[in-house]
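Student: Here it is, the structure in full.
The values are calculated or read from the model by the stated rules, or taken from the named source; none is laboratory data. Note that the structure is predicted; figures quoted are calculated from it, not measured. Cβ sites come from the backbone with ideal geometry, for glycine too, and all protein chains shown count toward neighbours.
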Amino acid sequence: MNRRSFAATLMAGPAIGAAAWAGWRFVQARSAASCWACTRPVHDHMRTVAEVNGHSAEYCCPACALSEHRQSGSPVKVTVLTDYLTITAIQPARAFIVQASDVNPCKSHAAPAVASDKQPLRSGFDRCSPSMLAFRDEASARSFASAHGGTVVAFNSVAAEYAA
């Protein structure tokens, strides 16, 4: 083996290893405990299941599921929501949403993004914002909103914008 072949082989090994590692990390990030769209953890009290293009997927929150429509242009049908207080599955047709409260568990675990000069970057778009928390009844949603702010709306009125 001449020097060029040896050098090329020596350089190709780490490159192949790095590509394999990156692929493994991508697959791990999309595990069942991760959101289909943003790969954040799926919190038990915000789990959302939706159908997009005939495919059912699990999302970290209703906001993330519905933002799939904005990004893909495909209709989104939420099939299961989770009551924020009781952590039980609820039918979207009966659910109420508190939008834009001061509670957003999806953003609480995100590490701050910094530029190369170590200055914080501003987020222009976050698919989980403003927050949408689901509740099984209007009274629970209003009680939560009185403590944490936000607007209470029936989930169907919000979801209708994303179904077409």
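Student: With (1) in contact with a Ser or Thr (Cβ under 7 Å, 6 or more places away or on another chain); (2) within 16 Å of A159 (Cα to Cα); (3) modelled with pLDDT of 90 or more as the list, and K77 as the residue in question, which single condition is left unmet?
Tutor: It is condition (1) that K77 fails.
Student: Residue pairs, Cβ under 7 Å, 6 or more apart or interchain, first in the range 135-159 and touching a residue at least 60 places away in the same chain (Cβ under 8 Å) and crowded, with 16+ Cβ neighbours inside 10 Å, second part of a helix (DSSP H, G or I) and not hydroxyl-bearing (S, T, Y). List them.
Tutor: Filtered contacts from the range 135-159: F155/P92; A159/L66; A159/P92.
Student: While we're looking at this one, here's another question. Do we find a residue being in a helix (DSSP H, G or I), modelled with pLDDT under 70 and over 16 Å from R127 (Cα atoms) anywhere in the range 31-50? Quick ask: steps written out before the conclusion?
Tutor: Residues of the range 31-50 that are in a helix (DSSP H, G or I), as a first pass: none.
Looking for residues that are in a helix (DSSP H, G or I), modelled with pLDDT under 70 and over 16 Å from R127 (Cα atoms), one finds none in the range 31-50, hence no.
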